[in-house]
Amino acid sequence: MNKLANSVNDYKYDFFYDFSSSDLKKLSDELGLAPFRGRQMLQWQQKGVSDFSEMTNLSLDLRKQLTDTFKRCGLAVVQEHHSQNSDSIKYLYELHDRQRIEAVLMRYRFGLSCCISSEAGCLMGCAFCASSVAGYGRKLSSGEMFAQVAQTAHLADGRIRNVTVMGTGEPLNNLDALIDFLKRLHDPEFGMGMSYRNMTVSTCGLIDKMLVLAAEVLPITLSISLHAPNQELREQLMPIARLYHFDDL
C-alpha cells in the first residue's frame, strides 16, 4: 500500500486498484472492518467499478469512508470515440494525478478484446507514433493497467477475452509493473482468470528487457514492432534502433 507523499490533501492513498487482496485485508483491519469486507472490495475491483458509490453491498458509511481514504477509486472517462459501427470504442481515461491514457475496446465475432496503455506518454520517439508528441508523464502501476481492462469490460457490459498491451508507452520500459499486471490478469482469485495465451505484449525491441520477460516463462504472445526491412531505415523511424540492432532482433 503506497501512502501519498503529497501533504496538500487529506487522502491517505492514491488509487484503489493498486491494492492487492492482501492490501485490502490490511485496509479492512486498519478501518476496523470485518475480514470479509476485503473480499467484497476485491470483487468490486474485478467488476470494474469506477466509483465507490457503485459498491452497493457496502454500507453508505463505509463507501464514504473509502471515498475519504482514496484520492481516486477508478479511472475517470474523459472522452469516448466510437467507430462508425461501434465495433471499436476508444476511451480517454484520466488517472488520479490528471495524467491521461487511452484504451480501446474491440468487438469481434469471438468476443471482446481490449488494447491498453502501459505508460502516460512514451520515451521512444518513433516517427510514426503520436504517443511521444505530448511529452512523457510516467510509468503506470499494475493496478492502473488492470483498471483499464476491468473498467472497459464494465463499460461494455461483457467479458474481455483478449488483452493487448499496445497502447501508449513502451511496455518493456515498465517491465516490473507489466509482469505484475500479466500475473494479476491471469490469477482467477485476484484478477480475471485470463489465459496467458490470450495476452499480447508489443515492444519496439528492448532486447535486454525481452530476455528478462522470457525468463518469467509466461506463455504470452510477444509482438516486435520492426516497421522497416533493414537497420538504416529503422534508425530513421525508430531512435531506439540505434541501441538495439535489427540483426540482433
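Some notes on this structure:
- Of VAL163, VAL201, all but one fail to be assigned by TED's automatic domain parsing to the domain that holds TYR136, touching a Cys at 6+ places or on another chain (Cβ under 7 Å) and aliphatic (A, V, I, L, M); the exception is VAL163.
- Residues that are in a loop (DSSP other than H, G, I, E, B) and either under 15 Å from the mean Cα position of the chain (by Cα) or more than 26 Å from ILE116 (Cβ to Cβ) (or both) within segment 70-91 comprise CYS73, GLY74, LEU75, listed in sequence order.
Condition check ((1) part of a helix (DSSP H, G or I); (2) in contact with a helix residue (DSSP H, G or I) (Cβ under 7 Å, 6 or more places away or on another chain); (3) in contact (Cβ under 8 Å) with a residue 24 or more places away in the chain) across all residues:
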{"position": "ASP14", "(1), (2), (3)": "no, no, yes"}
{"position": "SER28", "(1), (2), (3)": "yes, yes, no"}
{"position": "VAL49", "(1), (2), (3)": "no, yes, yes"}
{"position": "ASP68", "(1), (2), (3)": "yes, no, yes"}
{"position": "HIS96", "(1), (2), (3)": "no, no, yes"}
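- Members of segment 98-119 that are in a strand (DSSP E or B) and among the polar types (S, T, N, Q): SER113
- Here SER195 passes the criteria (1) more than 26 Å from ARG39 (Cβ to Cβ); (2) surrounded by fewer than 17 Cβ atoms within 10 Å (Cβ to Cβ); (3) assigned by TED's automatic domain parsing to the domain that holds ARG159 except the one numbered (1).
- Within segment 70-81, the set of residues being in contact (Cβ under 8 Å) with a residue 60 or more places away in the chain and buried (at least 16 other Cβ atoms within 10 Å of the Cβ) comprises LYS71, GLY74, LEU75.
- Of the residues examined, SER28 is not one that is under 30 Å from THR164 (Cβ atoms) and either outside the structural domain of GLY158 (by TED's automatic domain parsing) or not basic (Lys, Arg) (or both).
- Unmet requirement for ALA130, which otherwise passes all of (1) surrounded by fewer than 18 Cβ atoms within 10 Å (Cβ to Cβ); (2) closer than 26 Å to ARG242 by Cα; (3) in contact with a strand residue (DSSP E or B) (Cβ under 7 Å, 6 or more places away or on another chain): (3)
- Check on LEU155, touching a residue at least 12 places away in the same chain (Cβ under 8 Å), surrounded by fewer than 20 Cβ atoms within 10 Å (Cβ to Cβ) and under 20 Å from SER225 (Cα atoms): no
- Unmet requirement for GLU94, which otherwise passes all of (1) within 18 Å of the chain's Cα centre (by Cα); (2) assigned by TED's automatic domain parsing to the domain that holds GLN46: (2)
- Residue list for segment 34-80, restricted to those being closer than 19 Å to ILE160 by Cβ and touching a strand residue (DSSP E or B) at 6+ places or on another chain (Cβ under 9 Å): SER50, GLY74, LEU75, VAL77, GLU80
- With respect to being of a type in the set (Phe, Trp, Tyr) and under 22 Å from ASP176 (Cβ atoms), PHE146 fits the description.
- Considering (1) surrounded by 14 or more Cβ atoms within 10 Å (Cβ to Cβ); (2) assigned to a loop (DSSP other than H, G, I, E, B), the lone condition that VAL217 does not fulfil carries the number (1).
- Verdict on MET210 being over 27 Å from HIS245 (Cα atoms), aliphatic (A, V, I, L, M) and either modelled with pLDDT under 95 or assigned by TED's automatic domain parsing to the domain that holds TYR93 (or both): no
- Residues in segment 137-173 that are assigned to a strand (DSSP E or B) and β-branched (Val, Ile, Thr): ILE160, VAL163, THR164, VAL165.
The values are calculated or read from the model by the stated rules, or taken from the named source; none is laboratory data. No experiment lies behind these values; they were computed from the predicted model shown. For neighbour counting, all protein chains shown are included, and Cβ atoms are generated from backbone atoms with ideal geometry for every residue, glycine included.
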